[in-house]
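Worksheet for the structure shown next.
The values are calculated or read from the model by the stated rules, or taken from the named source; none is laboratory data. This is a predicted model, so every value here is computed, not measured. These accessible areas exclude ligands, DNA and RNA; they are computed on the full protein's heavy atoms, side chains included. Shrake-Rupley method; radii C 1.70, N 1.55, O 1.52, S 1.80 Å.
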Amino acid sequence: MERPAWAPQGIDLTVPSVSRIYDFYLGGSHNFEVDREAARKAMEFMPGLPKIMQANRAFMRRAVRFAADEGITQFLDIGSGIPTFGNVHEVAQAANPEARVAYVDHDPVAVAHSRAVLAGNDRAGIAAADLRKPHDILSSPVVGELIDFDRPVALLLVAVLHFVEDADDPQCAVDTLRDALAPGSLVILTHASYEGVPLSEERVGGTVGVYKSIKNPLVMRSREEVARFFEGYGMVEPGLVPMAEWPPETPLSQEDPFAFSGFAGVGRKA
């Protein structure tokens with residue numbers, strides 16, 4: 001396989017990546033055939049996956065605008081993936097040109113492409129780090145240059161925690177990051193769940209099996225389990241709800257049923 005110019009040296013082009021699969025769902029071009037093949041297999045069970053990802057992205061943009069309206073000018077996006085139109089820095093800096101955005105991802109394609117996209121933007125950067133090692137994120141020079149943890153931060157954990165297995169203690173990672181945040185900070189979070197998907201759990205399980213087969217297990221958690229990630233925060237209205245319901249931009253009756261899959265919420269640290 002010929003290596004595209006945007007693909008960094010050293011990555012295995014035969015191994016699927018969840019960030020590149022996500023890019024494919026969103027209509028991006030930074031993915032390989034192996035990623036598209038995995039995505040198509042997953043969509044055999046859940047044809048609405050692209051709609052779920054679009055709803056996830058739309059929620060993220062609404063939540064970033066909310067944070068900016070609340071006066072927050074610092075954004076830490078962990079598991080940021082490959083930049084596409086309407087990413088965090090574009091939304092935040094459109095609201096306030098002084099906004100600073102630190103992206104974090106462990107996928108080398110996501111990191112390399114983010115660096116290219118952000119070149120010349122001295123108020124945004126990307127750090128190569130993993131959510132499962134939160135201290136590496138907090139001590140990252142890139143994060144340190146952009147984020148002042150003595151002031152409120154919007155921490156984004158969007159579509160990332162469901163790729164962290166219980167054995168890797170995602171709660172500890174979330175708590176460590178929360179403890180580093182100043183009062184008034186926000187956490188913006190989405191998470192996959194069997195709840196809300198307009199298909200049987202058995203059918204959704206087929207998609208879960210595809211992700212397991214590519215060694216990126218998709219952990220489906222209940223609403224109660226997702227709510228635990230907000231410990232130490234006060235929930236912002238309307239609370240922890242399906243993504244399309246936070247808050248809706250269009251009449252809910254007009255939304256695709258898949259837009260109500262999983263959960264989204266915003267919490268504020270007292």
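Largest accessible area first, the residues K51, K212 order themselves as K212, K51 under a 1.4 Å probe with ligands, DNA and RNA left out. Per residue, the accessible area of the chain comes to 44 Å², computed with a 1.4 Å probe over protein heavy atoms only. Taking the chain as a Gaussian network of alpha-carbon nodes connected by springs under 10 Å, the highest mean-square fluctuation of the residues L131, L252, L26 belongs to L252. Under the criterion of Cα pairs below 8 Å and six or more residues apart, the relative contact order for the chain equals 19 percent. Semi-axes of the equivalent ellipsoid for the stretch 9-148, computed as √(5λ) from the eigenvalues of its C-alpha gyration tensor and ordered from largest down, come to 26, 19, 12 Å.
Amide H contacts under 5 Å for D77: A102, Y103, V104, L156, restricted to partners 5 or more places along the chain or on a different chain, H placed in the peptide plane at 1.01 Å from N. When the surface is traced with a 1.4 Å probe over the full set of protein chains, M220 keeps roughly 40 Å² accessible. For Rg and Dmax of the Cα atoms in Å, computed directly from the structure shown, the correct entry in (1) 18.9, 63; (2) 17.5, 52; (3) 22.4, 83 is (2). Considering only A124, A116, A182, the mean-square fluctuation computed in a Gaussian network model of the chain, springs between alpha carbons under 10 angstrom, is largest for A116. Seen through its C-alpha gyration tensor, with square-root eigenvalues sorted a ≥ b ≥ c, the stretch 5-91 comes out oblate because a/c lies at 1.5 or above while a/b is not bigger than b/c. Considering only E224, E33, E195, the mean-square fluctuation computed in a Gaussian network model of the chain, springs between alpha carbons under 10 angstrom, is largest for E224. With kT/(6 pi eta Rh) evaluated at 4 °C and eta = 1.567 mPa s, and Rh the Kirkwood radius from Cα pairs, the stretch 104-146 diffuses with a coefficient of 122 µm²/s according to Stokes-Einstein. Classification of the stretch 195-270 by its C-alpha gyration tensor yields an oblate form. The axis ratio a/c (a ≥ b ≥ c) is 1.5 or more, and b/c is at least a/b. Our compactness index for the stretch 127-200, the C-alpha radius of gyration over the empirical 2.2 N^0.38 Å, is 1.24.
Spherically averaged projected area of the convex hull of Cα atoms, the stretch 103-238: 9.6 nm². Roughly how many whole Å is it from the C-alpha centroid of the stretch 162-176 to that of the stretch 238-252? The stretch 162-176 and the stretch 238-252 have Cα centres spaced 26 Å from each other.
Exceeding 27 Å between C-alpha atoms, which entries from my cross-link table qualify? They are K212/K269; K41/K133; K51/K215.
From K212/K269; K41/K133; K51/K215, over 27 Å: K212/K269; K41/K133.
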